[in-house]
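Peer 1: Here it is, the structure in full.
The values are calculated or read from the model by the stated rules, or taken from the named source; none is laboratory data. From a predicted model like this one, the values you see are computed outputs, not experimental measurements. All Cβ positions, glycine included, derive from the backbone under ideal geometry; neighbour counts span all protein chains shown.
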Amino acid sequence: MRRFIGFVVAVLLLSLVVSPSFGEVKLESAPLNPDFVEYLIKIKSGEKSYGFMPLPIDIGKHKKEGFKAKVSLPSRYDLRTYGYVTSVKDQGDYGTCWAFASLGSLESHILRFSGSYYDFSERNLINRCGYDDPWNKGGNVLKVMAYLSKGDGPILESL
């Protein structure tokens with residue numbers, strides 16, 4: 001599968017270079033999210049991150065403005081009322097709320113729609129997400145997506 005993906009990427013890159021219809025191709029990097037730049041400065045100065053790492057690119061400007069629900073929403077919705085919340089966990093003094101929140105949400109979703117209770121390992125997600133020092137530098141949805149998309153988990157806490 002990796003060879004196939006590598007081949008597709010190579011063909012696409014080659015087509016950009018060779019294709020006369022594109023003319024001069026100028027590649028530019030997306031501008032960095034100012035919150036991410038501020039986060040990097042704080043980390044380099046030795047300040048501890050307490051969980052959330054801003055996304056490198058600001059995706060907020062791509063959201064649709066003026067969204068209006070097509071149905072009326074209840075004034076209150078609490079998963080605890082329906083028994084769709086899994087057990088409370090403790091992240092200790094680490095900036096790993098991103099892992100606990102993500103897996104807690106997944107556990108609740110599975111419980112809600114299948115009735116099956118799972119307790120997934122946050123430690124496995126943190127250790128195998130593929131980023132340097134995920135225990136002390138915070139995280140975001142990109143770390144969780146990297147972990148889940150490469151098929152490393154989630155695994156059960158009991159394993």
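Peer 1: Considering each residue of segment 99-122, count those that are surrounded by 13 or more Cβ atoms within 10 Å (Cβ to Cβ) and touching a residue at least 24 places away in the same chain (Cβ under 8 Å), and give that number.
Peer 2: 12
Peer 1: Now for a different question. Scan segment 119-159 for residues that are more than 14 Å from the chain's Cα centre (by Cα) and of a type in the set (Phe, Trp, Tyr) and jot them down.
Peer 2: 120, 135
Peer 1: For segment 123-139, give me each residue that is surrounded by fewer than 17 Cβ atoms within 10 Å (Cβ to Cβ), at pLDDT 85 or above and touching a Phe, Trp or Tyr at 6+ places or on another chain (Cβ under 8 Å).
Peer 2: Selection gives 128 alone.
Peer 1: Of the residues in segment 75-88, how many are more than 17 Å from residue 113 (Cα to Cα) and modelled with pLDDT of 90 or more?
Peer 2: Here the count works out to 2.
Peer 1: Is there any pair with a first residue in segment 30-49 that is closer than 20 Å to residue 93 by Cβ and a second that is among the β-branched types (Val, Ile, Thr) and at pLDDT 85 or above whose Cβ atoms are under 8 Å apart and which are 6 or more apart or on different chains, and what are they?
Peer 2: none
Peer 1: Given (1) out of contact with any Lys or Arg (no Cβ under 8 Å at 6 or more places or on another chain); (2) at pLDDT 80 or above; (3) part of a helix (DSSP H, G or I), identify the lone condition not met by residue 54.
Peer 2: Of everything listed in (1) out of contact with any Lys or Arg (no Cβ under 8 Å at 6 or more places or on another chain); (2) at pLDDT 80 or above; (3) part of a helix (DSSP H, G or I), residue 54 misses just condition (3).
Peer 1: For segment 127-145, name all the residues that are touching an Asp or Glu at 6+ places or on another chain (Cβ under 9 Å) and either of a type in the set (S, T, N, Q) or more than 21 Å from residue 50 (Cβ to Cβ) (or both).
Peer 2: Across segment 127-145, the qualifying residues are 128, 130.
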